Structure formats: C-alpha cells, structure tokens
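**Q** Right, I'll just put the structure down here and ask away after.
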Amino acid sequence: MPGFSSAVMKEVEGIFQRYPRKEHALLPLIHLVLRENKGCVPEEWDQVLADMVGVSLNHVRGVITFYDMLQREPRGKHHIRVCTSIPCGLCGGDKVLERMEDALGIHAGQTTPDGMISLEEVQCIAACDKAPLIQVDDHFAQQVDPDRVEEVVAAMRRK
Amino acid sequence: MLKETLLLAKNIRTDGYDGSLEAYRRAGGYTALEKVMKSMTPDQVIEVVKASGLRGRGGAGFPTGMKWGFIPKDRKPTYMVCNADEAEPGTFKDHFLINNDPHLFLEGMILGSYAIGCNHGYIYIRGRSVRPAQRINEAIEYLYKAGLLGKNILGSGFSLDLTVHRGAGAYICGEETALLESLEGKRGQPRVKPPFPATHGYNACPTSVNNVETLACVPFIVKEGAEAFKKIGTPNNYGTRLVGISGHAAKPGIYEVAMGVSMKQIINDLGGGVRGGKKLKAVIPGGSSSNVLRPEEIDIPFDFDSVAKAGSMLGTAALMLFDEDTDIVELAYRTILFYNHESCGQCTPCREGTFWLRNLVRDFRENLGDSQKLERIGRVSQQMFGTSLCALNDAAAGPIKAFVTKYPEEFKKHFI
C-alpha cells in the first residue's frame, strides 16, 4: 500500500489540527496526494485515505469521482488548461483548443506519449478580461492568439 | 464621462501598492480592527453593518447584517466561512481583490468573525486557483506574526484562526450548502434547506457564509460609519460594485462604480464599448446565470433592484459584451454546456433538464433546428424552474429561455 513520507505526515498532522473532525481533512489530504503523484490520485490510495480520515472506501471514491480536478491518470510534466467557456469560447478559445490539439497531436483529456504535456479543456478559470485564456501549470497566458499556439508548444517542448 | 468610485479598489489603484501587510497598514488598514477590538462589542459591529444596508456581493444580494444577526448567541462554536470559490463564467472580481489586496477582505473577515463569535474561520477557494490560495496563505502568515490573528488579538481577549481550504474543481461548491458539504470532506452537493447555515452550517454549527467582495466592504463601514457607506449608491443598493467587463469589450477589466449608475455608461465610458468599432448585439449583466439583455434594454441603473426589474439579475456584476458577429446559438450552447457539466446530478430536473437543453441547443448549432425544437427549449426550461434544491437549475434554465425569447431570429437561422 502506498503512503506519505514522514515529512509529509507532519503536514498531515498540521492539517488535522485545523479541522474539528478528521474526515473534514479529506480534500486537503487528496491535494497532498495530487502533489506527490503527478497530479493524479491512483486508486490504491483510496483505502489509505479512507483509513487516515476514518471514512468508508465508498466515501472516498464518491468524493474522488465528484470533483473535476481529481483524475486517476498521471498528468504530463506540464499541464495545459484551455478555457472554452463564455466569454473565452466566444473570443477564440475554441480555436486555441483546436490548434493546441493539432500541435500536440492529442485530444483534450490526453497526455503526449512522451509524458511531457497533458491537455485539459476547462470551464471558466476566473480571469475573463484576458480571454481567451490558457493556464500552463500554475501560470496564466492571456489573450492567446490561436495562430501562435504552435510557438507556445514548441517553446514548452524545448524546456 | 463616468468615472470610477473607489472604495474597495482605492489601494489597488494607487501607484506602487503591492498588497503587503505593511503597505495595507500604511494605507490605513487594520485601523477598523483596532477600533473594534478597543471599543466595540460584537453586537455593535452587527448593528453598524445592518445600518449600512450592505447586501451580499456573491450573487443573491442578501443583507449581510441580517445574516450575521441570525447567528444564535447561545450556541458555540460558530463559524465564519468566506466564499472565494469564484467560478461563474465572466466573473473575476474576487480574484482581483485576492491577488491585489488580500488584506482588505481578510480584515473584513476578522471583523465578521468577531461579530458572530467565531474562533476559527475558513476561506474556501477553488482548487485551480493555486497562486491566489498561496497569496492568502502568505497574508495570513504575516497576520499571525503581527498579532492580528491567533490568540488574544491586540490584547482584546478575542482569538481567531483562519484556514484556507481548497476545492477541487466543482462550480456547485459556490452554493453555500454545497460549499459546507465540501468543507466537511464530502461530495459538494447542496443540502435541503431549512435548516439554514445560520443554525446548522459547518459541522452542524451556526455558520455565516460570506463572499470576498462583501467582506471587503466591512472595514470601510466600521471605520467610516454606516452613513458614509449609504452616501454611495441608491436606496436599498448602497455602496459600490466591482464590475468585471469581458467579452468583446474594447477595454475589458475590473472597474469599481457606485451602485445605480447607468449600465450603458459603464459599458461605453469604462469598458470602451465594443472593440473594433462593431455594434453591440447582446449584454449579459451579472455572470452566466443572468438573463441576456438586448442593446435597447441596457439604459438602466446598474443595481440589484433595477437589473431585476429589467428581467435579469445583477448577480456577480460580471458584464459580458457580445458584438454583432456573435452567434447567439453558440453563446447559448457555451452557456448550457457549462451548466450541464456543472450540474451535480442530485436533483432530476436539473440533471436531465440541462442534458436535454444541451442536446436541443446543439441541434441548432449543427443547423438541425426547427420550430418544434425551438418551442421545446422553452417548454423544458419552463419545467425546470423552481424544482431543485439549489439555484443552479434556475440559473441554467433562465438564460437559455431568455436567449430563445429575445433572439428567436438567431435560432431561426439554424433551422434545417
């Protein structure tokens, strides 16, 4: 069974202190799993998490399947999110996604075979004045020109 | 020419302001907290907020002082939860405050916590906003060091801890009871109400859930008094709004205006009108949940009551402009796609209704529409209204119904 390192366990103890019940700390603990596992929650973690916070396996699975960010498959080294909601979708976001899929040779929801870049189509990421918007890892790129997508991807590949 | 009225964005608009604790204090920050800790009781804080007429900035516009007044005084613990789960398409005002001046809403949150007797508050922020969450955590760290958080704040005997809780990508968690479920480590599905959070909220304790922008108004009200706040805005709609202009605007961005100024002026004077000299086709005034307005309907005061009277909603004051080239069917499709994706699936009318509306609008998008389908969109959305536990259902049905009612000609273009 997987588990946290002793350094991370210290963080876990600190998190438990901040909630009246252990089970309330489930999401913060899942975020730690994401951080330690390339942005995904592998299934073998479900029971570990259930035991740590004292809930059933079903409870943990119910939570993991509910939230968009909680995926089972590992992400690429870099993760690109493209917003196609309103207003981004009507300001060129759909074209940005199309070009991105072409440039990477994958569809949204997939990772490049070399494991470098994963692509996700997302709903609003709260910076709508800069539409169309993409998020590369934790950084925003604003007013993305669909014609420049290939350059962006090439630059990321070089990194 | 309409100008901004700076109340919340005053610091942010000052050259060289970096939002640090030092800069915030230099600009007069935390003097409201000092005043309250020295000379005001919790009830007095609630009274002044009640007297100011402050209404919630998250979307519903519920009076904040009244919300705090509902918290029973004889039950402990009580909780203050700040809703920073901003995720409504078109809305980015809370992130504007968090990124540029985090101490403003934090001071408001400390004041609110004191008012309702809360000793541990939670800030629920959306999971994808990694940097903004870091920004708040750093600000909180400085507050602990400065003795403005933790035990015995400024020697008053009042203690408060604040914890940032990250969501994991679910729009529905912006609904206050879904947020509380999520905070408790569960699926973020709205609760049956009553009981309301004021009596049974977080961990079944009395809880007040307040939006970032709402809390950011509190330091001014406490410091300058209710009357000073009421000098801004119109009766029953006091104060300012952070208006987020996006879409095909020439100058998209956040602008702070007194409530009740003309929406047309906000669009033209601040937002610069439509970019590229194009004509305006549609305006969504308060985030994707509010009904679309036609260009001839926008000459109205921009406040809760006037926008509601025009058949829409001030909501999050997220003004989205769409130019003459916009395909309204595409706009409707993006809207319903969002709600279909974000419906939590708990209530059948919402889960199924958003699915059927999505399919119907998609048919038009693929030029497979006909008059029966147009009528069916109206009928399905009508059947959805008021049939679920939370407002997401209505927020999906309302705008779609408005698109087909106000722009039937656009849908007819997509008939087979």
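**Q** Scanning for something under 21 Å from the mean Cα position of the chain (by Cα) and either within 9 Å of another protein chain (Cβ to nearest Cβ) or outside any helix (DSSP H, G or I) (or both), does segment B:212-222 turn up at least one residue?
**A** Within segment B:212-222, none of the residues are under 21 Å from the mean Cα position of the chain (by Cα) and either within 9 Å of another protein chain (Cβ to nearest Cβ) or outside any helix (DSSP H, G or I) (or both).
**Q** Just for segment B:153-162: of the residues that are in contact with a strand residue (DSSP E or B) (Cβ under 7 Å, 6 or more places away or on another chain) and open to solvent by 10 Å² or more (accessible area, probe 1.4 Å), which one is nearest to B:E181 (Cα to Cα)?
**A** Here the residue is B:D161.
**Q** Right, here's the next one. Of all residues in segment B:123-171, which are facing chain A (nearest Cβ under 9 Å), part of a helix (DSSP H, G or I) and in contact (Cβ under 8 Å) with a residue 40 or more places away in the chain?
**A** The answer is B:P132, B:Y171.
**Q** Taking the condition assigned to a loop (DSSP other than H, G, I, E, B) and touching an Asp or Glu at 6+ places or on another chain (Cβ under 6 Å), does A:A108 pass?
**A** Yes, satisfied.
**Q** In segment A:49-104, how many are closer than 30 Å to A:V8 by Cα and open to solvent by less than 20 Å² (accessible area, probe 1.4 Å)?
**A** Qualifying residue count for the region: 14.
**Q** Could you list all residues from segment B:236-274 that are in a loop (DSSP other than H, G, I, E, B) and in contact with a helix residue (DSSP H, G or I) (Cβ under 9 Å, 6 or more places away or on another chain)?
**A** B:N236, B:G239, B:H248, B:A250, B:K251, B:P252, B:M259, B:G260, B:G273 - these are the residues of segment B:236-274 that are in a loop (DSSP other than H, G, I, E, B) and in contact with a helix residue (DSSP H, G or I) (Cβ under 9 Å, 6 or more places away or on another chain).
**Q** Same structure, new question: So which of A:H24, A:H31 is of a type outside the set (D, E, K, R), facing chain B (nearest Cβ under 10 Å), assigned to a helix (DSSP H, G or I) and open to solvent by 20 Å² or more (accessible area, probe 1.4 Å)?
**A** Going through A:H24, A:H31 in turn, the sole match is A:H31.
**Q** Let me ask something additional. Counting just the residues of segment B:163-188 that are β-branched (V, I, T) and crowded, with 22+ Cβ neighbours inside 10 Å, which one comes out nearest to B:G108 (Cα to Cα)?
**A** The residue in question is B:T177.
**Q** I need the full set of residues from segment B:47-68 which are farther than 22 Å from B:H103 by Cβ and more than 21 Å from the chain's Cα centre (by Cα), in order please.
**A** Scanning segment B:47-68 gives B:E47, B:A51.
**Q** Considering (1) surrounded by fewer than 17 Cβ atoms within 10 Å (Cβ to Cβ); (2) touching a Ser or Thr at 6+ places or on another chain (Cβ under 9 Å), say which one A:H107 fails and leave the rest.
**A** (2)
**Q** Check whether at least one residue in segment B:234-244 is within 23 Å of B:S52 (Cβ to Cβ) and without any contact (Cβ under 8 Å) to a residue 60 or more places away in the chain, and report yes or no.
**A** yes
**Q** Out of all the residues in segment B:279-321, which are of a type in the set (A, V, I, L, M, F, W, C) and more than 16 Å from B:P252 (Cα to Cα)?
**A** B:V292, B:L293, B:I298, B:I300, B:F302, B:F304, B:V307, B:A308, B:A310, B:M313, B:L314
**Q** Need pairs with beta-carbon distance below 6 Å; first residue closer than 12 Å to B:A397 by Cα and within segment B:344-371, second open to solvent by 50 Å² or more (accessible area, probe 1.4 Å) and of a type outside the set (A, V, I, L, M); sequence gap 6+ or separate chains.
**A** These pairs meet every condition: B:P349/B:T387.
**Q** Of all residues in segment A:54-85, which are within 16 Å of A:I134 (Cβ to Cβ) and within 12 Å of chain B (Cβ to nearest Cβ)?
**A** Answer for segment A:54-85, where residues must be within 16 Å of A:I134 (Cβ to Cβ) and within 12 Å of chain B (Cβ to nearest Cβ): A:H79, A:R81, A:C83, A:T84, A:S85.
**Q** B:I267: closer than 30 Å to B:G239 by Cβ, under 22 Å from the mean Cα position of the chain (by Cα), crowded, with 24+ Cβ neighbours inside 10 Å and not assigned by TED's automatic domain parsing to the domain that holds B:D363, yes or no?
**A** Considered against the rule, which asks whether it is closer than 30 Å to B:G239 by Cβ, under 22 Å from the mean Cα position of the chain (by Cα), crowded, with 24+ Cβ neighbours inside 10 Å and not assigned by TED's automatic domain parsing to the domain that holds B:D363, B:I267 comes out as yes.
**Q** Got at least one residue in segment B:340-356 being in contact with a strand residue (DSSP E or B) (Cβ under 9 Å, 6 or more places away or on another chain) and open to solvent by less than 50 Å² (accessible area, probe 1.4 Å)?
**A** no
**Q** Scan segment A:138-145 and tell me whether some residue there is open to solvent by 30 Å² or more (accessible area, probe 1.4 Å), more than 14 Å from chain B (Cβ to nearest Cβ) and within 23 Å of B:I245 (Cα to Cα).
**A** There is at least one residue in segment A:138-145 that is open to solvent by 30 Å² or more (accessible area, probe 1.4 Å), more than 14 Å from chain B (Cβ to nearest Cβ) and within 23 Å of B:I245 (Cα to Cα).
**Q** Now for a different question. From the residues in segment A:34-47 that are more than 13 Å from chain B (Cβ to nearest Cβ) and open to solvent by 20 Å² or more (accessible area, probe 1.4 Å), which one is farthest from the chain's Cα centre (by Cα)?
**A** Checking each candidate, the answer is A:Q47.
**Q** If you take the residues in segment B:97-120 that are surrounded by fewer than 24 Cβ atoms within 10 Å (Cβ to Cβ) and within 14 Å of chain A (Cβ to nearest Cβ), which one is nearest to A:C124 (Cα to Cα)?
**A** Once the filter is applied, the top-ranked residue is B:N99.
**Q** Could you grab me the full set of residues in segment B:213-233 that are among the aliphatic types (A, V, I, L, M) and either in contact with an Asp or Glu (Cβ under 6 Å, 6 or more places away or on another chain) or touching a residue at least 24 places away in the same chain (Cβ under 8 Å) (or both)?
**A** Once the filter is applied, which keeps residues that are among the aliphatic types (A, V, I, L, M) and either in contact with an Asp or Glu (Cβ under 6 Å, 6 or more places away or on another chain) or touching a residue at least 24 places away in the same chain (Cβ under 8 Å) (or both), segment B:213-233 yields B:L215, B:A216, B:V218, B:I221, B:V222, B:A226, B:I232.
**Q** Here is a further query. Counting only residues that are of a type in the set (S, T, N, Q), at pLDDT 95 or above and open to solvent by less than 40 Å² (accessible area, probe 1.4 Å), give me the helices (runs of 4 or more DSSP H) lying completely in segment B:1-60 with at least 1 of them.
**A** B:42-52
The values are calculated or read from the model by the stated rules, or taken from the named source; none is laboratory data. Predicted, not measured: the structure shown is a model, and the values here were computed from it. Glycine also receives a Cβ, built like all others from the backbone with ideal geometry; neighbour counts cover every protein chain displayed. These accessible areas exclude ligands, DNA and RNA; they are computed on the full protein's heavy atoms, side chains included. Shrake-Rupley method; radii C 1.70, N 1.55, O 1.52, S 1.80 Å.
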